[in-house]
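Working notes, structure below.
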Amino acid sequence: MQPMRQYLNDFEIHVRRRLVQRFVCVLTVGGAMAALVPGVALGEADAALQGDMSGCTPAAIASAVPDNTTVTAVRVLDGPQIYCRVDGEITSMAPGPNTINFMVALPVEFNGRYYMINQGGNSGRVPNPPADLLAHGYAIAGTDTGNQDSFPIYNYLSDPAASLDQAWRGTHLTAVTTQQITRSFYGVDDMYRYAVGCSGGGRLGFTVASTHPEDFDGVVSGAPGGGISYPAQARIAQYGRLYPEAWISPSELALVDEAITEAFDGLDGVVDGVIWDPRQISYADVEPVLDFLTDDQLAWVELIMSDLKNPDGSEDYSGAIFPGYPITQTSAWSFWFMGSNPPTEWQITSPNPAAYGFGNAVFRAYFGENFDFVTDFDFSDQNQLDYFMNVHNAFSWHRSTPAELDRFNKAGGKIIIYADTSDHGAGFEEFIHQYEDMWRYYGSWQATQDFARFFLAPGTAHCGGGVGPQDVQSRAFDALVEWVENGIEPDQLITTRPATGRTFLLCAYPDRARYQKNKGAIDDATAWECQREYHPKR
């Protein structure tokens with residue numbers, strides 16, 4: 001299939017938008033209304049635009065959807081360019097029934113590419129189409145994945161149908177329906193299909209690629225946690241509730257951040273305000289640096305940095321259920337772990353901190369609505385941990401294995417994975433282990449990188465924030481398009497931190513970026529080179 005590119009220059013966009021302003025059409029399933037500006041005749045350009053939207057009617061759209069789908073609204077809207085927005089419901093069955101809400105936005109100038117928004121968290125709402133993607137002609141789809149819960153409420157986990165829909169089925173069924181609508185609307189058989197998301201959205205990309213590799217040609221998967229961070233988060237929150245004297249205030253965490261950066265910034269060979277690889281820092285290194293904290297506070301820091309391991313010693317990721325969290329950008333610990341108020345003031349209904357919200361929501365869904373993870377769960381009890389993981393996997397939230405992802409590889413798909421090294425939500429070491437497991441499965445980096453590339457974003461917090469680059473997802477998507485459509489393999493990404501104008505060189509793992517003093521300033525990505533210095537163990 002040849003690329004279907006229809007880029008408009010700024011002048012053409014301006015002229016077309018002015019013409020569109022003469023024609024306003026609103027269509028709903030309940031009826032239709034057309035309003036023309038009085039005294040303005042339709043010219044040829046207007047007629048062409050109106051013709052492009054002629055399929056934007058309830059009847060036309062309804063004729064293009066599967067039997068499990070109900071179209072609830074069809075509207076012609078103006079944005080960066082005129083587009084047809086379709087809203088609807090999909091009924092999932094076996095298990096079911098459950099309702100999956102979706103939307104798809106179909107711009108008048110279509111570039112031949114379909115873009116699925118994979119939302120983070122538990123989704124829980126239908127997203128609106130981003131203006132920049134519409135401006136560039138993408139057909140854009142999104143879904144609430146079959147639940148309307150918002151953090152910290154995860155009621156859907158108690159419903160097998162809603163849980164399966166959130167895990168992957170809702171995204172798959174939405175892809176089937178909205179791609180069918182898109183093909184029918186434009187009268188095309190082929191188009192490039194992409195899915196992009198971070199955190200829960202990154203996990204969705206992984207699981208749908210594993211379960212239905214035919215749905216997408218390319219996936220960007222940022223911080224694709226399999227939900228196994230939940231017990232790690234809960235263990236941290238449990239400690240705070242049991243030992244409130246260990247609480248570290250936001251102002252103290254800011255001092256921790258400053259002390260850690262000052263002490264360890266140079267570990268990567270350059271002092272630039274960014275600790276590129278926090279794995280180089282152990283708790284034994286940290287303890288003397290944080291001598292202004294109390295012993296109780298240090299004990300909580302040590303717990304946060306430590307791996308959550310199986311008490312019986314069985315190995316999972318080198319003996320850990322979940323690796324410890326990085327000791328960088330600790331100001332974010334107030335949101336994630338410690339709250340802006342002491343643990344004695346935490347509330348179940350408030351996501352302050354997030355770890356306490358996750359603990360209550362997930363453990364009550366798995367163990368019963370009266371279960372209190374603070375007092376009722378023992379992280380040293382292997383039976384309780386096994387039960388948690390068994391229920392977790394039964395809800396289809398498990399981490400995709402290399403063998404499962406190989407289905408996407410065999411279907412010709414491409415995936416770009418990225419992780420943020422100051423991520424206190426999903427962590428980042430888990431994804432390193434996951435990618436190295438893929439390398440072990442295929443037996444070489446070349447075989448792995450033929451369909452999957454992995455990048456680490458230094459100093460970036462969970463899906464954004466921190467002191468690192470802030471446009472990793474966008475640059476990864478640009479690279480994915482070139483890879484899927486033109487065969488250009490993404491060996492590196494040039495990313496930016498807009499607040500400072502600094503650019504970062506991200507290298508495809510296992511390569512690492514190294515500063516070359518003779519090539520320019522530290523804050524210029526062109527002064528850095530990708531080097532192969534790391535070889536994981538078989």
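Just checking my list (i) 30; (ii) 42; (iii) 27 against percent of Cα pairs over 39 Å apart computed from this structure; which label fits?
(i)
With +1 on each Lys and Arg Cβ and -1 on each Asp and Glu Cβ, how big is the dipole of the chain about its Cα centre, in debye rounded to the nearest 20?
For the chain, the charge dipole is close to 1700 debye.
Given the peptides 506-518, 188-200, 113-125, arrange them by the average over their residues of other C-beta atoms within 10 Å, most packed first.
Order by mean packing, descending: 113-125, 188-200, 506-518.
May I ask which residue of 415, 465, 216 lies farthest towards the positive end of the charge dipole of the chain, with charges of +1 (Lys, Arg) and -1 (Asp, Glu) on Cβ and the Cα centre as origin?
Among 415, 465, 216, the one farthest towards the positive end of the dipole of the chain is 216.
Determine the calculated [θ] at 222 nm for the chain from helices alone, applying -39500 (n - 2.57) to every DSSP H run no shorter than 4 residues and normalising by the residue count; nearest 500 deg cm²/dmol.
Computed mean residue ellipticity for the chain: -10000 deg cm²/dmol.
Residue 496's amide H: which non-local residues (gap 5+, or another chain) put their own amide H closer than 5 Å, with H modeled 1.01 Å from N in plane and none for Pro or chain starts?
Those qualifying (amide H under 5 Å, at least 5 residues apart or on another chain) are 470, 471, 504.
Net charge near residue 87, counting Lys/Arg +1 and Asp/Glu -1 over other residues with Cβ under 15 Å of its Cβ?
After counting each charged neighbour, the total is +1.
Any chance you could give the angle, 0 to 90 degrees and rounded to 10, that helix 10-20 forms with the longest Cα principal axis of the chain?
Tilt of helix 10-20: around 60 degrees.
Go ahead and collect, in residue order, the members of the stretch 470-508 whose backbone nitrogen is under 12 Å from a label point 7 Å along the Cα-Cβ direction of residue 514.
In the stretch 470-508, the label zone of residue 514 (backbone N under 12 Å from the point 7 Å along Cα→Cβ) covers no residue.
Just to confirm the number: angle between the C-alpha axis of helix 472-486 and the first principal axis of the chain, 0 to 90 degrees, nearest 10?
60 degrees
Per 0.36 nm of contour for each residue apart, how much would the distance between residue 340 and residue 370 grow if the chain were fully extended, relative to their Cα-Cα spacing?
Roughly 8.2 nm would be gained on extension.
What order do you get for 205-218, 482-495 when each peptide is scored by the mean count of other beta carbon atoms within 10 Å, highest first?
Going from most to least packed, we get 205-218, 482-495.
Placing +1 on the Cβ of each Lys and Arg and -1 on the Cβ of each Asp and Glu in the chain, which of 352, 156, 363 has its Cα farthest towards the positive end of the resulting dipole?
156
How many angstrom lie between the Cα centre of the stretch 119-178 and the Cα centre of the stretch 256-332?
When both Cα centres are located, 34 Å separates them.
Arrange the peptides 352-359, 67-74 so that the one whose residues have, on average, the most other Cβ atoms within 10 Å appears first.
352-359, 67-74
Show me, for the stretch 426-434, the HN-Hα J-couplings you get by feeding each phi into the Karplus relation (A = 6.51, B = -1.76, C = 1.60, θ = phi - 60°), rounded to Hz, glycine and proline as x.
Values, residue by residue: 8, x, 9, 5, 4, 6, 5, 4, 5 Hz.
Considering only DSSP beta bridges where both residues belong to the chain, give the percentage that are antiparallel (nearest 5).
The antiparallel fraction comes to roughly 60 percent.
Throughout, read-outs are computed from the coordinates displayed, never taken from laboratory work. Just so you know, these numbers come straight off a predicted model, no measurement behind them. A quick note on method: Cβ atoms are made from the backbone with ideal geometry, for glycine too, and the neighbour counts reach across all protein chains shown.
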